[in-house]
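Here the structure comes first, spelled out in C-alpha cells, and everything after it is commentary.
A short reminder: the numbers here are calculations on the coordinates, not readings from a lab. Bear in mind that the values here come from a model prediction, so they are computed numbers and not experimental data. Positions of Cβ are generated from backbone atoms using ideal geometry, with glycine treated the same way; all protein chains shown enter the neighbour counts.
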Amino acid sequence: MSERLVVIGSQWGDEGKGKITDYFACRADMVVRYQGGNNAGHTVVFDGHKYSLQSIPSGIFNPHTKNVMGNGMVVNPVSVIAELQKLHDQGITDYQLYISNRAAMVMPWHSALDGAYENIKGKSLIGTTKKGIGPCYSDKYSRLGLRMGDLLEPEYFAERLKAALEVKNMELDMLGLPKYDFKEVYDQYMEIAGKIGHMICDTSDLINEALLTDAKILFEGAQGMMLCIDHGTYPFVTSSTPSAASVPVGAGISPKWIDNVVGVAKSYCTRVGEGPFPTELFGDLAHEIRERGHEYGTVTGRPRRIGWFDAVVARYTARLAGIDNWALMLFDVLSGLDKVMICTGYECEGEILQTPPSTISRLSKCKPVLIEMEGWKEDITGAKSFDELPAAAKAYIRKIEEVTGVPVGIVSVGPDRNQTIVVSEKLREF
Ligand code: IMP
C-alpha cells in the first residue's frame with residue numbers, strides 16, 4: 001500500500017516548506033505539486049549548495065523520483081523552461097518531470113494584468129508577486145483559460161488562443177496596456193511545445209497508478225494556509241487553496257487517500273505583502289529576527305514582516321487542513337533572545353477570539369494575547385535529538401503543542417538537511 005504524505009504551509013507562506021519537502025522528497029518515489037504556480041519560492045540547501053525552485057516540485061534533485069505538476073496548478077511554461085535551464089547550469093540534468101495536461105497555463109497577459117490591477121488599487125494593493133497567478137486562475141474559472149494539454153493539439157490551441165485574445169485584448173486595451181498579436185503568441189507557444197511537450201500528460205492517471213503500489217508519495221503544498229482564497233486573510237491572499245483539502249482536486253485523486261498531513265510552521269511568524277498581522281513585531285527585535293532568519297522573499301527579495309508564533313492561526317489551520325504534526329522551522333533563529341512569546345488568543349473590541357475573524361476590518365483591530373516564556377542562549381544548530389535541546393527550548397515546544405493541540409513531529413535547527421530532528425516515529429518511517 002502506498003504511503004501518502006501532505007506537507008503544507010500553515011502560516012502566510014515561507015515557513016520553510018522547501019527544506020521539509022526536500023527532506024521527504026529524498027525518500028519519495030513521487031512528489032506532486034497541486035496548487036499555485038511560480039509565485040512560490042522554495043529554497044533547498046544540501047551538500048553546501050543552494051537551489052531555488054518556483055514551480056518545479058522538490059523531488060527534482062533525485063533522478064528516481066517522479067515529479068508531477070498537477071492539474072490544480074497554474075503553470076507558466078516560460079518560467080518552467082527558465083527554471084530547468086537554471087537547474088541544468090547547476091548540474092541537475094537527470095530528472096523526471098510530468099506536467100498535467102489539465103493544468104491552467106499562465107499567459108503573458110496574466111502578469112501584465114496582475115501588475116495593472118495592483119497599480120489601479122493604489123494604496124489598497126494586495127502586494128502580489130505579479131506573476132499573473134490571480135488573473136490566470138480568474139480566466140480558468142471564467143472558462144477563458146488555456147491549458148497545458150492544448151499545446152499538444154496545435155489547431156485546438158489556435159482556436160482557444162483566438163477566443164482568449166478576443167476578450168483579453170479588449171481588457172488590455174481598456175487598461176491602456178499593449179495588445180497581443182495572435183501569430184506572435186501562437187509561434188512562441190508552439191516553440192515552447194517543442195521544448196516541453198513531451199512532459200505533458202494525464203498526471204491524474206500517473207498518480208492513481210502509483211497509489212495502487214507501495215510508492216511513497218509526497219504532496220507538496222505551496223504558499224500557506226492564511227493565504228488561502230477561502231479561509232485566509234481575504235483579500236490579502238493568493239488565488240488558490242494551499243490546504244491539504246485541495247490535494248484531491250488539484251492532483252486528481254480521491255479524498256480518501258489523504259491520511260498524513262504535516263503543517264510547516266515557523267517558530268515565529270512572517271508574512272510578505274500587505275494585510276493585518278496581529279502578532280507583528282517592529283523595531284530592533286523584528287530587525288534582529290529578520291537578519292538572523294534571512295527573512296527576505298525568495299521570489300521578490302522583499303523584506304518579510306516578523307511576528308511572534310500565533311497559536312490562533314495554528315489551531316485554525318490545523319482544524320482546516322487536518323494537520324497531524326507540526327514541523328517547527330527556524331527554531332535556531334530564536335536562540336539568544338531573553339524572552340519568547342506565543343499568542344494564544346486575539347482581543348478584539350473587548351472580546352477574546354479563539355479563531356481569526358473573517359474580515360480584515362475586524363482582524364486589524366485584534367491585539368494578541370501573549371504568554372511569555374524564558375528564552376535560551378545556547379547554540380542549538382548541532383542538536384541531533386529533542387533531548388539535546390536546552391530546557392527552555394523544550395518548554396517552548398511543549399507549550400506550542402499544548403496551545404495548538406497538535407504534536408511537534410519535526411524540529412528544524414538549521415538550514416541543512418541534516419539539521420533536522422524528527423521526533424515523530426511515523427514521519428521517521430516515511
Ligand atoms: P499572488 O499569489 O502572487 O497573487 O500574491 C498574493 C499574496 O500571496 C501576496 O501577499 C503574496 O506576497 C503572497 N504569496 C504568494 N505566494 C507566496 C509564497 O510562496 N510565499 C509567501 N507569500 C506568497
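Observations on the structure shown:
- You can think of it this way: the chain between His198 and Arg143 has 17.3 nm of extra reach, that is 0.36 nm per residue less the Cα-Cα gap.
- The stretch between Ser364 and Glu191 holds 57.5 nm of extra length on full extension. This uses 0.36 nm per residue minus the Cα-Cα distance.
- Applying the Karplus relation 6.51 cos²θ - 1.76 cosθ + 1.60 with θ = phi - 60° to the range 372-380 yields 3J(HN,Hα) values of 9, 10, 5, x, 9, 9, 5, 6, 10 Hz, where x marks Gly and Pro.
- Placing a pseudo-label 7 Å from each Cα along the Cα-to-Cβ vector at Ala395 and Leu152 gives an inter-label distance of 6.0 nm.
- Cross-linked pairs Lys266/Lys365; Lys339/Lys365; Lys17/Lys266; Lys216/Lys256; Lys216/Lys426; Lys266/Lys399: Cα-Cα separations exceed 18 Å for Lys266/Lys365; Lys339/Lys365.
- Computing FRET efficiency as 1/(1 + (r/R0)^6) for Ser52 and Ile81, where r is the C-beta to C-beta distance and R0 is 25 Å, gives about 0.95.
- Exposed trypsin sites (Lys or Arg not before Pro) absent: longest stretch of the chain, with sites in DSSP loops and at most 13 other Cβ within 10 Å deemed exposed: 180-376
- In terms of its alpha-carbon gyration tensor, the range 1-142 comes out prolate; a/c meets the 1.5 threshold, and the first ratio a/b outweighs b/c.
- Normalised alpha carbon radius of gyration of the range 260-312 [divisor 2.2 N^0.38 Å]: 1.17
- Quotient of C-alpha Rg and 2.2 N^0.38 Å, computed over the range 192-271: 1.34
- The loop-placed GluC sites (Glu not before Pro) in the range 1-86, going by DSSP, include none that has at most 11 neighbouring Cβ atoms within 10 Å of its Cβ.
- Taking the alpha carbon gyration tensor of the range 175-332, multiplying each eigenvalue by 5 and rooting it gives semi-axes of 33, 26, 15 Å, largest first.
- Stretchable slack from Cys26 to Glu402, in nm (0.36 nm times residue separation minus alpha-carbon distance): 132.2 nm
- Karplus-derived 3J(HN,Hα) values for the range 261-266, using 6.51 cos²θ - 1.76 cosθ + 1.60 with θ = phi - 60°, are 10, 9, x, 7, 9, 6 Hz; glycine and proline are entered as x.
- The orientation-averaged projection of the convex hull spanning the C-alpha atoms of the chain amounts to 20.4 square nanometres.
- For the range 118-204, the fraction of alpha-carbon pairs in successive 10 Å shells from zero, as %: 14, 40, 33, 12, 1
- Reachable aspartates and glutamates from Lys131, criterion Cα separation under 13 angstrom, eight or more residues apart if same chain: Asp114, Glu118
- Low-density loop positions, GluC sites (Glu not before Pro), the range 289-372 - DSSP coil, at most 13 other Cβ in 10 Å: Glu349
- Top of Asn101, Asn76, Asn119 by mean-square fluctuation, Gaussian network on the chain, Cα under 10 Å: Asn119
- Of Met174, Met30, Met373, the one that fluctuates the most in a GNM where the chain has Cα springs shorter than 10 Å: Met174
- Ratio Rg/Rh [Cα only; Rh per Kirkwood] for the range 276-430: 0.96
- Over the chain: helical MRE at 222 nm, DSSP H runs n ≥ 4 each giving -39500 (n - 2.57), nearest 500: -9500 deg cm²/dmol
- Alpha-carbon Debye profile of the range 1-80, log10 I(q)/I(0) at 0.17, 0.26 Å⁻¹: -0.66, -1.51
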